[in-house]
Amino acid sequence: EHDDSSLAALVQSSDDAIVGQDLDGDIVSWNSGAERLYGYSAQEILGNPVTTLSPPGRHEDLSKVLARVKTGKRVVNLETTGWRKDGKQLKLSLTVSPVRDKNGEMIGLSTIARDVGVLVRRRDQLRYLADHDVLTGVRNRRGFVSDLKEQLDRARRYDEHAAVMVIDIDHFKQINDRYGHQAGDRALK
């Protein structure tokens, strides 16, 4: 079992941002992971509202999350946008939990934030590559079949007409054979 000082050392050394707030939404604890992620020192941020960490226009979203947690429920792995001191937006995964005293009374909230910007960009890139030709950027067969199904469904739903247009490059093999694959790639683009 850990004593309070070893538990505090674990929280302080975490790579994740761990932010404590009171029931009014003011920040009451701030670890070194939060300092690295958000760019504020503990001295700068303690006592400020936690909405300081969300972009303008997104404070209400964070307030809704906090209201849900105040009912005793946890919010786990919520993807959202955060706001650094320097104005840079962050893609975050948040887990927000109620904090209770020894009697079980809720005394605050704890937020663990992780920067998932790189993961989100990679996920989006993989989704794009799954449906697009790497060379030309146009929809590949998988993307085409998905688009075709969507358009046929729309035509049926709204009783519209639809057409498919196929474009072919005559004698394309001759371009590759005569001028090389780089020339063929340029012709496709």
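The values are calculated or read from the model by the stated rules, or taken from the named source; none is laboratory data. These numbers come from a predicted model, not from an experiment. Remember, those area values only see protein heavy atoms, side chains included, never the ligands or the DNA or RNA. Shrake-Rupley method; radii C 1.70, N 1.55, O 1.52, S 1.80 Å.
Okay, here's what the table says:
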{"quantity": "Helical contribution to [θ] at 222 nm, DSSP H n ≥ 4, -39,500 (n - 2.57), averaged over the chain, rounded to 500", "calculated": "-12500 deg cm²/dmol"}
{"quantity": "Share of carbon and sulfur in the accessible heavy-atom surface of the range 9-131 [1.4 Å probe, %]", "calculated": "51 percent"}
{"quantity": "Listed candidates (i) 1.23; (ii) 0.97; (iii) 1.31 - label of the one calculated as Rg/Rh (Cα atoms, Kirkwood Rh)", "calculated": "(i)"}
{"quantity": "Centroid-to-centroid separation of the range 167-189 and the range 85-138 [C-alpha atoms, Å]", "calculated": "43 Å"}
{"quantity": "Residues whose placed amide H lies under 5 Å from that of Trp30, excluding near-sequence neighbours", "calculated": "Gly20"}
{"quantity": "Under-5 Å amide H pairs with Asn140, H placed in peptide plane, nonlocal only", "calculated": "His132, Asp133"}
{"quantity": "Solvent-accessible heavy-atom area per residue, rounded to whole Å², over the chain at 1.4 Å", "calculated": "71 Å²"}
